[in-house]
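The values are calculated or read from the model by the stated rules, or taken from the named source; none is laboratory data. Computed from a predicted model, the values in this text were never measured in an experiment. Backbone-built Cβ (ideal geometry, glycine too); neighbour counts: all protein chains shown. Accessible surface is based on the protein model in full, side chains and every heavy atom, while ligands, DNA and RNA are left aside. Shrake-Rupley method; radii C 1.70, N 1.55, O 1.52, S 1.80 Å.
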Amino acid sequence: MASVHSIPSIEEQFEFTSDAKRRLLIGGAIGLVLVIGGAFLLASGGGHEAAHHGAEHAAGSHDGGHEGGSWMTRIWANIWLNAVYFTGISVVGMFFMSYNYLAQAGWSVVFKRIPEAMPAFLPVTGVIMLVTFFLGGHDLFHWTHSDLYDPASEHFDPIINGKKGFLNTPFFLIRLVIYFVAWYFLWRVLRNASLQEDEIGGLDNYNKSVKYGVTFLVIFAVTSSTSAWDFVMSIDTHWFSTMFGWYTLASWHVAGLAVITLTVVSLREKGYLKAVNSSHLRDLGKFVFAFSIFWTYVWFAQFLLIYYANLPEETIYYKERFAGFGGIYKAPFFISLFLNFFFPFLVLMTRDAKATHSILKVACWSVLIGHYFDFYTNIMPGTVGASGGFGPVEFGFILLFACSFIWFVSAQLAKANLIPKNHPMLEESLHHDIA
Amino acid sequence: MHVTSPVRPPLITGGKTYADVTEDICRQVEGKPTKQWMIAFTISVIVLIYGTACLFWTWWEGLGVWGLNKTVGWAWDITNFVWWVGIGHAGTLISAILLLFRQKWRTSINRAAEAMTIFAVLCAASFILMHMGRPWLAYWALPLPNAFGSLWVNFNSPLVWDVFAISTYFSVSLVFWYIGLIPDLATIRDRAQSKVSRFIYGTFAMGWNGSAKTWSRYEYISLILAGLSTPLVLSVHTIVSMDFATSVIPGWHTTIFPPYFVAGAIFSGFAMVQNLMLITRVVYRLEDYITLEHIESMNKVITLTGSIVGVAYLTEFFIAWYSGVEYESYAFINRATGPYWWAYWAMMTCNVISPQLFWSRKLRRSVTWTFFISVIVNIGMWFERFVIIVTSLHRDYLPSSWAMFSPTRYDIGDYIFSFGLFFTLFLLFSKYLPVINMAEVKAVIKSSSEKLPQKVSGVAKAQRISNPSFNKDPQ
């Protein structure tokens, strides 16, 4: 079986062509135009109506209090949503590399440069989130309002007051900075070791990568949960769920896997990564398949337990998404479930589907769009409430972020040989055969 | 052509040939029981007899012989149940999930781990029967057509889901284990000296002839069963966790329970596999198959799952404070500082701190330390369930009904019963069935043996032997 293998050359240099750059710039420009146009429409036309709804929301919900400026809130919420989503995708590149090192995985080496390139986008989202928090923090995070903590104020909230040891601006900022610095710094270590390995070979860099990969995993074990609480859960300040950290991690993880798979597929279509064979593709397909089910498992466990126990302080979360704000979040709620579970589950089920470019692409796009809506349903109700929607602003920001993410990853890919030449497991990966 | 990287440590040492594998592993099945085995078996049976007497009395007299009271209505019974089910997770994890991940080190340990799973699930099931009080009515847990009027199982109850989940899990694990045994049973059949053993092993080998066709079916069914078992492994402890998490009892109702219970189950299961394998490898002289590499890999899994459990403990604690729910916060403060503080801190020390010792390569490759920490882990995991169950119940919403739980000799005796049952079954297994999957070890011998004799390997493994870059020990 498969005794005659012709291993293609492992010398491959990705070229970030000016054509590709032009297209990304055009995409970004269209995104920008959509954002500006959409914001103008919101501010002039829909602005009045939105503010009206916003006021209703403030009166009707305990987490309200976004008086005025609701079109601006929608801008901040969109930036935050995309920044959180792309932060997750980027850091999952690092996560994937790290657990592959820890598990002594051999098969993934041949496309390792792709997850390796993804965390390059972290500084961008890090700065964006920092700036957004400074400028739009009050619009996004109810807990940043100081009168909540003042017993004399009519807005005093004893429950939120009880959380101030964790939810306060200085500590939040310290955590935000620690996440990005730690993730980015450890990625630089792994990336440099990997590039150096290309030059000098040997095992020192491999052993060093295992060590730093494990260090990252230990740090990420804690920071993945705390960042999920900070970035997303604290928006609905009253609400809490112990599952939320792992739920967000599951969401980020499968989205990151979908990006890795999509990138591998599109590079192959451009004639790169000839050493990636159908066994690699099938294994990648299995990862996306398995972890989309894992996300569903975590989603369902959280939902079922809250639904079953029916405690008001917990069910409010689903109530708002299901029936609140005129029911506008019901659609994204179900779209998310369909695109993240049912569709990839059915499409990737068969063996051959996982090795077919077109099917992999459809499934991965489904997962990627689905998890956008996953974050959308988690972030939007608590920030923009009734004045949410899906229009030019949303679409424009997705374009902007996606184009810049692709730009950074492509630039990173162009910096080194597409296949890590001297990785000690490379031979295993080149001969990967699971037929 | 499959390639094995020179950085990958060998999994079979001592230059074993294919014939050696058969000889080494069939030896104890074909030989007379050793003295050590006889002693161990006798002790197990005595323990089982004592436990059976206690169990008999429990059923004869009723559950009043246990230490339960009106506040603590679940204590050792469900603690033991969850503990055993948890232990029963490692086998199928090793055989199914590690098969899907193509981990070659599973081949030396999967057989014994699967057997352990089956026996552990039996022990767990025995506690379900015990705590029913009237075991002859156990079939009421099944949705059978009946003439009892409104008596019908409550499908809204996670306890009913549990009945389905665990019986499905047991069936699939049993089939998986048995299918894996067939090629080995055929080997023993073909080597059998007596008519009786040829007949018995031959019957169970189901006419296995070792043709390419049968092997192809074997591999196919293994993958299908692995695909089925993987969600099952997760579902069983998920549903066990829902026995608690669906209720509104502070300390029980928390959304992280399902994956956290699964991680804890794998954690304790691997610890139990370690304990059993460390003894087996010495008694049966299988050190060349169950190498330090296997032990180290399992220790890494123990550290990983122990740390996941640790993150879950901290998350629960943090959210109990963060939520601002007084009852939830009190439940956790009471756990850590109340009258059961010792159980809580035993759990924390054993489960979160002790596996961190395995960060030291020296300790995780030390047989003594591994055995010691594995015992500690299983003590810790018992305390985890005790902490969750008893400390959440003993101080309920009404302070006038607060109570403590003290076990009676029947609580203890019924627990001892499960040990007697488990070790009796495991010892029978380890005598009459091959403890290592010969066929699957043979399948990895070419890629993973330390120094395969040239006449067997065919291809010289020059690089692997001349440049053993996996070796991290000082030369």
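Of the residues making up region A:194-215, at least one is surrounded by fewer than 18 Cβ atoms within 10 Å (Cβ to Cβ), within 13 Å of another protein chain (Cβ to nearest Cβ), of a type in the set (Ser, Thr, Tyr) and within 30 Å of A:MET425 (Cβ to Cβ). Against the criterion of being more than 14 Å from chain B (Cβ to nearest Cβ) and either at pLDDT below 55 or surrounded by fewer than 22 Cβ atoms within 10 Å (Cβ to Cβ) (or both), A:GLY93 does not qualify. Checked against (1) of a type in the set (Ser, Thr, Tyr); (2) crowded, with 19+ Cβ neighbours inside 10 Å; (3) under 30 Å from A:LYS164 (Cβ atoms), B:TYR330 passes all but condition (2). Set side by side, the residues B:VAL273, B:VAL248 differ, and just one is at negative phi, within 9 Å of chain A (Cβ to nearest Cβ) and out of contact with any Asp or Glu (no Cβ under 9 Å at 6 or more places or on another chain), which is B:VAL248. Do the conditions hold for B:SER235, that is, is it touching a Pro at 6+ places or on another chain (Cβ under 7 Å) and within 11 Å of chain A (Cβ to nearest Cβ)? No, not satisfied.
For region B:321-339, which positions are in contact (Cβ under 8 Å) with a residue 60 or more places away in the chain and either more than 25 Å from B:ILE266 (Cβ to Cβ) or within 9 Å of chain A (Cβ to nearest Cβ) (or both)? Talk me through it step by step, then tell me what you get.
So in region B:321-339, the residues in contact (Cβ under 8 Å) with a residue 60 or more places away in the chain come out as B:325, B:327-328, B:330-332, B:334-335, B:339.
Those that are in contact (Cβ under 8 Å) with a residue 60 or more places away in the chain and either more than 25 Å from B:ILE266 (Cβ to Cβ) or within 9 Å of chain A (Cβ to nearest Cβ) (or both): B:VAL325, B:TYR327, B:GLU328, B:TYR330, B:ALA331, B:ASN334, B:PRO339.
Of the helices (runs of 4 or more DSSP H) entirely within region B:1-104, those holding at least 3 residues that are within 30 Å of B:MET381 (Cβ to Cβ) and open to solvent by 60 Å² or more (accessible area, probe 1.4 Å) occupy B:35-61. Can B:SER268 be described as more than 14 Å from chain A (Cβ to nearest Cβ), of a type in the set (S, T, N, Q) and under 18 Å from the mean Cα position of the chain (by Cα)? Considered against the rule, which asks whether it is more than 14 Å from chain A (Cβ to nearest Cβ), of a type in the set (S, T, N, Q) and under 18 Å from the mean Cα position of the chain (by Cα), B:SER268 comes out as yes.
Residues of region A:227-273 that are of a type in the set (Val, Ile, Thr) and facing chain B (nearest Cβ under 9 Å): A:THR242 alone.
Candidates are the residues of region B:370-405 that are farther than 27 Å from B:VAL85 by Cβ and in a helix (DSSP H, G or I); the one that is most open to solvent (accessible area, probe 1.4 Å) is B:SER400. Sub-7 Å Cβ pairs linking a first residue in region A:81-99 that is β-branched (Val, Ile, Thr) to a second residue that is open to solvent by less than 10 Å² (accessible area, probe 1.4 Å) and not in a helix (DSSP H, G or I), at least 6 apart or interchain, are A:VAL84/A:VAL232, ordered by first then second residue.
Filtering region A:108-120 to residues that are among the hydrophobic types (A, V, I, L, M, F, W, C) and touching a Gly at 6+ places or on another chain (Cβ under 9 Å) leaves A:ILE114, A:ALA117, A:MET118, A:ALA120.
Taking the condition of being in contact (Cβ under 8 Å) with a residue 40 or more places away in the chain and within 28 Å of the chain's Cα centre (by Cα), how many residues in region B:186-210 meet it? Qualifying residue count, region B:186-210: 2. Of the residues making up region B:224-265, those that are among the hydrophobic types (A, V, I, L, M, F, W, C) and over 30 Å from B:VAL325 (Cβ atoms) are B:ILE224, B:LEU225, B:ALA226, B:LEU228, B:LEU232, B:VAL233.
Taking the numbered list (1) away from chain B (no Cβ under 14 Å); (2) within 20 Å of B:GLY324 (Cα to Cα); (3) open to solvent by less than 20 Å² (accessible area, probe 1.4 Å) in turn, A:LEU176 passes all entries but (2).
Of all residues in region A:342-354, those satisfying the criterion of being open to solvent by 30 Å² or more (accessible area, probe 1.4 Å) and assigned to a helix (DSSP H, G or I) are A:PHE342, A:PHE343, A:PHE345, A:LEU346, A:VAL347, A:ASP352. Quick check on my filter: what residues within region B:146-178 are assigned to a helix (DSSP H, G or I), open to solvent by 40 Å² or more (accessible area, probe 1.4 Å) and farther than 30 Å from B:TRP252 by Cβ? The answer is B:LEU174, B:VAL175, B:TYR178.
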